[in-house]
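Visitor: First the structure, which I've put down as structure tokens, then a few questions once you've had a look.
The values are calculated or read from the model by the stated rules, or taken from the named source; none is laboratory data. Since the structure is predicted, the reported quantities are computational estimates derived from the model, not experimental observations. Cβ sites come from the backbone with ideal geometry, for glycine too, and all protein chains shown count toward neighbours.
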Amino acid sequence: MRLIHLSTGATILLDITAWMVIHLAVALRGSQLALHRFDPSARLFRPWRWEQDGAFYAHTLQIGSWKELLPDGAPLLGRLGFPKRRLADTTSEYLANFVGETCRAELVHWIILGFAPLFFLWNRPSVGALMIVYAAVENLPLIATQRYNRLRLQRILAKRQARDDR
């Protein structure tokens, strides 16, 4: 049962505006958080057993064939954004920062996804359910990409560390 009753046109306009504000506000706020606050060994960011060290993404989801099609929101954030489409450097420091950025981006997308139930306040239940589907379709591939990239970058960093320790 929706709490706010609007015309169809007003509801559609509110849905579009709400998603734009949510995406931009959460991304902007997330980009302002200090990178050192994002620990890749924290519970949310740790590898899950079913990910099989990235094999799930590479083989089951075939992520390599579609991840380049996903948008990179960094340009929208100006100097606060961290471009993640391509590696800009190969130093260990840059790669470690990139790992932190994957954590930050993943958290941003989880938070955006968490806003989906809000749409039940002014949409019919069927449209509210559609908003949850939209949020999942929009954010889960981006979350998967962040996790996949983080696992790959962490393997590279671990190999470098092992080589340097010899």
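Visitor: List the residue pairs whose Cβ atoms are under 7 Å apart, where the first residue sits in segment 118-139 and is farther than 24 Å from residue 72 by Cβ, the second is basic (Lys, Arg) and modelled with pLDDT under 95, and the two are 6 or more positions apart or on different chains.
Guide: Listed by first residue and then by second, the contacts come to 120/2; 121/2; 122/2; 123/2; 124/2.
Visitor: Taking the criterion of being at positive phi and either in contact with a strand residue (DSSP E or B) (Cβ under 9 Å, 6 or more places away or on another chain) or not in a loop (DSSP other than H, G, I, E, B) (or both), would at least one residue in segment 40-53 satisfy it?
Guide: First pass over segment 40-53, keeping only residues at positive phi: 52-53.
Now narrow it down to the ones that are either in contact with a strand residue (DSSP E or B) (Cβ under 9 Å, 6 or more places away or on another chain) or not in a loop (DSSP other than H, G, I, E, B) (or both): 52-53.
Within segment 40-53, one or more residues are at positive phi and either in contact with a strand residue (DSSP E or B) (Cβ under 9 Å, 6 or more places away or on another chain) or not in a loop (DSSP other than H, G, I, E, B) (or both).
Visitor: While we're on this one: How many residues are without any contact (Cβ under 8 Å) to a residue 40 or more places away in the chain, part of a loop (DSSP other than H, G, I, E, B) and either surrounded by 11 or more Cβ atoms within 10 Å (Cβ to Cβ) or within 16 Å of the chain's Cα centre (by Cα) (or both) when one looks only at segment 55-64?
Guide: 0
Visitor: Right, here's the next one. Keeping to segment 40-54, report how many residues are surrounded by 13 or more Cβ atoms within 10 Å (Cβ to Cβ) and among the small types (Gly, Ala, Ser).
Guide: Looking only at that region, the number is 1.
Visitor: For residue 28, which of the numbered conditions (1) surrounded by 17 or more Cβ atoms within 10 Å (Cβ to Cβ); (2) more than 21 Å from residue 156 (Cβ to Cβ); (3) of a type outside the set (Val, Ile, Thr) fails to hold?
Guide: It is condition (1) that residue 28 fails.
Visitor: Does any residue of segment 65-85 turn out to be more than 16 Å from the chain's Cα centre (by Cα) and assigned to a loop (DSSP other than H, G, I, E, B)?
Guide: The answer is no; no qualifying residue exists.
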